[in-house]
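Read the structure below first, then the notes.
Every number here is computed from the coordinates shown, using simple stated rules; none is lab data. Since this is a predicted model, take the numbers as computed values, not measurements. All Cβ positions, glycine included, derive from the backbone under ideal geometry; neighbour counts span all protein chains shown.
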């Protein structure tokens, strides 16, 4: 996923036209441990960039997931209701969280690319 | 030895430092009518024996339901608590244990909580129950806030059959939130229909069954009306023994059940501590407040108990937690569980039937007294009667004869036009002789 971008809060975002798919990074799922529940927003909800979009619960922690870009939620990953473990198994694939119709695609330029994110994560350890 | 080691000069210096003239000024934020306006009328210094005598004399002026024919109810009910309950809850393993902060080490405590939750889920007809709340009123208020989170809607509609104390707690707990509470007028006849008032902004409808006035309702049409509009039905139960005789709230379509569990295992104790029950559907469990105990197996496949879904709670979620409750009514919940275990399913149903049968007998006797009109067409173990005189005065008059004839509605709804209404509750504790004294007392008082 060459075009994937990351936030410092460990969300990833992939833009296709004006639709952005959002999830959490492999590093994030590893830090959280076994994910047991993901609370997703209702489609139609308008999110600000950096606004709270979802909540991910692992066995003994709960973390807010922030929207990397501003826009309107058009779809959420309903598979996570029954299989939250997808977040651990395939964070950048079947474990995606939501899709938003972005308001300003230009916002993505400020986010980190794969290489920059890897450097950022290495700096955290 | 002085109990308070401050001198008057110390006090004066401290007050001067913070810039007030007197200690009383520190309490100006407390409403004036709630402040003590003088010293408490108690004897001065005395020896232990004299103090005991003075207090015993004062205590003897109480007329306790345990030593009088008592028809008091209105949310707190006198039932027989088997001696086994008290014996078991006083074991130090239970009595001195606090809500476990390293929970899994306290397997016995967790097992009792799990059994409590199982019993609550069974009698309410719901899929999941928490490890208890403070009391029925706080459970109800938590249910309202839970419905708000689940529906993201701003209004809760409160039945006129809900106990006014419960309504007050809902209003207090939602006061600084963006929730609004719309309360229906007092429903003394049990005829209200809230369905037309439900709209797209209604998070939940809160009804009590049986109601404050004792009426029993089939809640299925109201549940359907709620669900039709995307609202949730919250059912409050103040007399939990009624669940042994009625279709459960869950079977009638409730989404959240909030109940007072005092009737099982817990003494009246001047109004507390009691135990709040709270149950819901499995799909709503993420928004359920309070502690939740689960059964699982350890690495060797042995049964064990854990506190689960803690991510809902304040020690993990902080300000985003479902509630600021971090505890439960552990000992009262245990008493509830022991009492209900002793009764068993058949015994629980028999107890409920016994209550209802005796209440029918009392209602029939009351209806035959000149100056008494029994308002209820339906009831479980409590009825509302309209007297030919103000109920508060009649209640006082009978209390002077050692009879606790019931709760005047005016005490609960001071502003309402209900001076002559009296709530009369009848449990298995009421003897035939008690009933005779009640009827004779009322007959004489209303003559």
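Here are some notes:
- Mean silhouette area of the stretch B:136-242, derived from the convex hull of its C-alpha atoms and averaged over all directions, reads 5.9 nm².
- Take each residue in A:74-84, count the other chain C-beta atoms within 10 Å of its C-beta, and the mean is 0.
- Sorted peptide list for B:417-430, B:63-76, B:257-270, B:13-26, criterion being average Cβ within 10 angstrom, highest first: B:257-270, B:417-430, B:63-76, B:13-26
- Take each residue of peptide B:308-317, count the partner chain Cβ atoms within 10 Å of its Cβ, and average: the result is 4.
- Relative contact order for chain B, counting Cα pairs under 8 Å that sit 6 or more residues apart, in percent: 20
- Geometric extent, Cα atoms of the stretch B:344-394 - Rg, Dmax (angstrom): 13.6, 43
- Stokes-Einstein diffusion of the stretch B:83-339 at 37 °C, 0.692 mPa s viscosity, Kirkwood radius from Cα pairs, rounded to a whole number: 178 µm²/s.
- Gyration tensor (Cα) of chain B, equivalent ellipsoid semi-axes in angstrom: 34, 33, 26
- If you take the Cα centroid of the stretch B:197-237 and the Cα centroid of the stretch B:300-319, the two points sit 31 Å apart.
- Of all DSSP bridge pairs formed entirely within chain B, close to 55 percent run antiparallel.
- Dmax and Rg, reported as Rg then Dmax, of the stretch B:1-120 (C-alpha, Å): 23.8, 60
- Note: relative contact order over chain A, using C-alpha pairs below 8 Å and six or more positions apart, is 30 percent.
- Kirkwood analysis of the stretch A:5-111, using all unique Cα-Cα pairs, places the hydrodynamic radius at 13.4 Å.
- Measuring how big the protein assembly as shown is from its alpha-carbon positions, Rg and Dmax come out at 28.7, 94 Å.
- Rel. contact order, % - alpha carbon contacts under 8 angstrom, at least six apart, the stretch B:225-373: 21
- Converting the Cα gyration tensor eigenvalues of the stretch B:60-145 into ellipsoid dimensions via √(5λ) gives semi-axes, longest first, of 28, 21, 13 Å.
- The ratio of the alpha-carbon radius of gyration of the stretch B:308-447 to the globular-protein estimate 2.2 N^0.38 Å is 1.44.
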